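What follows is calculated from the coordinates using simple rules that are stated; it is not laboratory data. All figures in this text were calculated on a predicted structure; none of them were measured in a lab. We place every Cβ from the backbone using ideal geometry, glycine too, and count neighbours over all the protein chains shown.
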Amino acid sequence: MPRFRFRLDPVLTVRERTERERAGEHARKLAVQLAEEQRRDELIARRDDLRDQLMRDHNRWDADTLRMTYAHLAYLDRVIVEAYDRVAAAAVETEAARVKLVEAARDRKVLETLKERRKEAFMLEAALAEQRELDDQNARSYDRAHPLEGLPS
């Protein structure tokens, strides 16, 4: 029986490699996004802690400490806004990488489906050819065993 050979295997290999590369790129972008989210959350926690401390100790602090604390809170608010912008930008990049990954996976899947269907068709054709060969062998064997049964009198 002949062996199945898919002529588009090199293309499938390239598409699989492309999908792996895009999966790696998506993972890197997602890691950056998560790191930015973590940094933003840490900044928010620092600001909230400082605000709580300010609320508790407001009447005990001198004017310079209060002024520096309020200035630092304003700074943290600005940095947090910038952190939100970085998270949003990272999310956009992550989504773009995810879309590219989905496209690559779809392209690979199309070729895999084509390969599977062609292999099924090949196997069916091979089975039919084998069945025809067996039928021919059986007919010849029967004709040899019963030479005159098939002839008209």
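General observations
- Its Cα gyration tensor gives the range 29-135 an equivalent ellipsoid; the semi-axes, largest first and in whole Å, are 67, 12, 5.
- Residues A96 and R117, FRET efficiency given R0 of 30 Å [Cβ-Cβ distance, rounded to 0.05]: 0.40
- Among T69, Q33, P2 the positive-end extreme of the charge dipole of the range 1-88 (Cβ point charges): P2
- In the chain, Cα pairs under 8 Å separated by at least six residues give a relative contact order of 42 percent.
- Magnitude of the charge dipole, the chain, Cβ model with Lys/Arg +1 and Asp/Glu -1, debye to 20: 340 debye
- Among the chymotrypsin sites (Phe, Trp or Tyr not before Pro) in the range 56-153, those located in a DSSP loop and surrounded by at most 14 other Cβ atoms within 10 Å of their own Cβ are W61.
- In terms of other Cβ atoms within 10 Å, L128, L66 run from fewest to most in the order L128, L66.
- Label-to-label distance, nm, for residues given as L73 and A129 (7 Å Cα→Cβ offset): 8.3 nm
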